[in-house]
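Taken together, the values in this text are just the output of simple stated rules run on the coordinates, not laboratory data. This structure is a prediction, so every number in the text was calculated from the model and none was measured. Methodologically, a virtual Cβ is constructed for each residue, glycine included, from the backbone with ideal geometry; neighbour enumeration extends over all protein chains shown.
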Amino acid sequence: MLQAIKYSEGNLEILDQLQLPFVETYIPIRTTEDGWHAIKDMKVRGAPAIAIVAMLSLASELLAPDNEVLQQTPEEVHQYISAKLDYLVTSRPTAVNLSDAARKLEKRVSNRAKEVPGPLGREVADTFIQSAVAMLGNDLEDNQRIGHNGAEWIASYAAKPGQAQVAVLTHCNTGSLATSGYGTALGVVRSLASKNKLRHAYCTETRPYNQGSRLTAFELVHDKIPATLITDSMAAALLADTDKGVNAIVVGADRVAANGDTANKIGTYALAVLAKHHGVKFLVAAPRTTIDLDTKSGNDIIIEQRPASEVTSIKGPRDGPEGTGNVSIETVKIAAPGINVWNPAFDITPSALIDGIVTEVGVMEKGVDGQYHLDGLFDEPTLS
């Protein structure tokens with residue numbers, strides 16, 4: 001399985017996703033500033049991975065030999081960590097996992113600062129570091145449960161009578177590169193494949209940043225899963241093609257509102273509309289940390305606006321074999337100079353278009369009133 005995040009005792013490295021799939025190189029993250037820029041510049045992306053890298057970047061900073069903050073009082077260490085967390089949250093506003101992790105870990109640190117006797121705050125920092133490291137393992141376990149739950153639901157409710165295998169379309173990248181491992185929506189695809197229930201996977205290119213063609217396709221090839229890449233504008237024709245027979249669309253999420261409205265990579269809403277028209281099941285796969293009960297609907301979600309250059313240019317290797325360090329990544333302009341650009345990173349899919357929300361504790365469907373009641377998902381224990 002691909003490993004996008006490596007961490008050991010204050011040494012954090014991430015796979016630079018700006019260079020994939022042509023160059024596989026890890027870059028060190030030693031400070032919160034390193035983490036902030038890696039997230040903002042999309043060297044790491046995917047809501048779960050963003051949260052993990054942010055927290056581990058602060059853990060690495062705390063463990064740096066020249067960081068004297070550990071010699072300060074418990075309350076001073078708490079204030080230091082709290083300020084760094086506020087800074088990290090500003091790197092990407094739409095994904096709720098980051099702010100959720102920051103809030104929960106800040107609470108733990110605050111409580112620990114009140115308990116620690118004596119003048120030194122090392123134990124307060126240790127509480128944060130241990131909690132940040134635990135996120136890696138917890139996320140992987142959650143992803144594997146999401147994959148299983150989604151695969152079983154699709155096999156039961158999306159397959160046609162007598163059909164042993166299904167075809168699934170996914171959008172953007174939601175696999176090992178977007179999480180601590182395995183993935184959410186792509187984890188569902190992986191689970192279907194492992195159960196021999198997947199006939200074929202389709203992935204969109206996901207313009208303008210091409211996470212689908214660069215990253216999801218990379219993971220599918222890596223895992224030898226039968227798959228086909230399509231451009232974003234081919235999705236309607238694909239769903240209309242009865243020979244292809246797509247049974248379900250499964251996507252990830254950067255934030256799920258209390259009513260089930262979902263913010264995800266731009267283009268998700270269009271796929272949901274197409275799925276409804278063609279009678280194809282549409283699922284959102286995400287851990288409970290992505291569900292924000294304080295956000296009542298999609299109208300309250302802030303949509304990140306990205307630079308125009310992402311739309312007006314593309315990046316790729318000039319020449320040479322793929323997968324070697326000798327590849328030169330270059331930028332090529334593809335749009336008329338002077339044209340205005342609108343580049344929202346995400347869109348909102350209304351809950352009415354979503355057939356189920358796949359989490360680590362099960363698949364939530366609408367109630368008899370036609371509405372999602374997502375607070376019921378939190379009856380099970382979770383990180384607090």
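If you wrap the tightest convex hull around every Cα atom of the range 27-116 and split its volume per residue, you get 78 Å³. Excluding P65 itself, calculate the net charge of residues whose Cβ lies under 15 Å from the Cβ of P65, where each Lys or Arg counts +1 and each Asp or Glu counts -1. After counting each charged neighbour, the total is -2.
Taking Cβ atoms as reference points and 12 Å as the exclusive limit, the residues near I334 contribute a net charge of +2, counting Lys and Arg as +1 and Asp and Glu as -1.
Decide, for the range 1-150, between rounded, prolate and oblate: order the square roots of the alpha carbon gyration tensor eigenvalues as a ≥ b ≥ c, take rounded if a/c falls under 1.5, and otherwise choose prolate if a/b is larger than b/c, else oblate.
prolate
If you fit an axis through the alpha-carbon atoms of helix 74-89 and take the longest principal axis of the Cα set of the chain, what angle between them do you get, 0 to 90°, nearest 10? Value to nearest ten degrees: 30. Think of the chain as a dipole: +1 on every Lys or Arg Cβ, -1 on every Asp or Glu Cβ, centred on the Cα centre; then among T290, A134, G150, G150 lies furthest on the positive end. For the range 5-138, the dipole from Cβ point charges (+1 on Lys and Arg, -1 on Asp and Glu) about the Cα centre works out to 480 debye, to the nearest 20. Given the chain, what percent of its DSSP beta bridges are antiparallel, to the nearest 5? Bridges in the chain that DSSP calls antiparallel: roughly 50 percent. In terms of surrounding Cβ atoms within a 10 Å radius of their Cβ, F22, F378 rank from fewest to most as F378, F22. Neighbour counting of Cβ atoms within 10 Å sorts the residues R214, R45, fewest neighbours leading, into R214, R45. The relative contact order of the range 1-137, computed from alpha carbon pairs under 8 Å that lie at least 6 residues apart in sequence, is 24 percent. Of all lysines in the structure, those lying under 23 Å Cα to Cα from K40, and not within fewer than 8 positions of it along the same chain, are K6, K84, K104, K265, K315, K333. Pull out a ≥ b ≥ c, the square roots of the eigenvalues of the alpha-carbon gyration tensor of the range 2-45, then state rounded if a/c is under 1.5, prolate if not and a/b is larger than b/c, and oblate in the remaining case. The shape class here is oblate.
Taken along the Cα-to-beta-carbon direction at a fixed 7 Å, the label points for H200 and K224 span 2.1 nm. Toward the positive end of the charge dipole of the chain, with +1 on the Cβ of Lys and Arg and -1 on the Cβ of Asp and Glu, the farthest Cα among N247, N173, G46 is that of N247.
A simple spin-label model places the labels of V341 and K40 1.8 nm from each other, with each point 7 Å out along Cα-to-Cβ.
List, in the order given, every pair from K160/K281; K197/K276; K276/K366 whose Cα-Cα distance in the structure shown is over 19 Å. Beyond 19 Å: K197/K276. Simple rule: put +1 on each Lys or Arg Cβ and -1 on each Asp or Glu Cβ in the range 38-145, find the dipole, and look at T94, A83, N111; the Cα lying farthest toward the positive end is T94.
Classify the range 191-325 as rounded, prolate or oblate, taking a ≥ b ≥ c as the square roots of the eigenvalues of its Cα gyration tensor: rounded when a/c is under 1.5, otherwise prolate if a/b is larger than b/c and oblate if not. It comes out oblate by the Cα gyration axes.
Fully extending the segment from K366 to K6, taken as 0.36 nm per residue of separation minus the present Cα-Cα distance, adds 125.8 nm. Three principal axis extents describe the C-alpha atoms of the range 147-379; from largest down they are 54, 40, 34 Å. Taking every alpha-carbon pair under 8 Å whose residues sit at least 6 apart, the range 1-45 reaches a relative contact order of 33 percent. Ranked by how many other Cβ atoms sit within 10 Å of their own Cβ, fewest first, the residues E33, E115, E61 fall in the order E115, E33, E61. Taken along the Cα-to-beta-carbon direction at a fixed 7 Å, the label points for L120 and M234 span 6.1 nm.
Neighbours of A237, meaning other residues whose beta-carbon lies under 15 angstrom from its beta-carbon, give a summed charge of -3 when Lys and Arg score +1 and Asp and Glu score -1.
Once the Cβ-Cβ distance of E68 and D243 is raised to the sixth power relative to R0 = 56 Å, the FRET efficiency obtained is 0.25. Around the Cα centre of the chain, unit charges on the Cβ atoms of Lys, Arg, Asp and Glu (plus for the first two, minus for the last two) sum to a dipole of about 960 debye. Summary value for the chain: 16 percent relative contact order, contacts being C-alpha pairs under 8 angstrom separated by 6+ residues.
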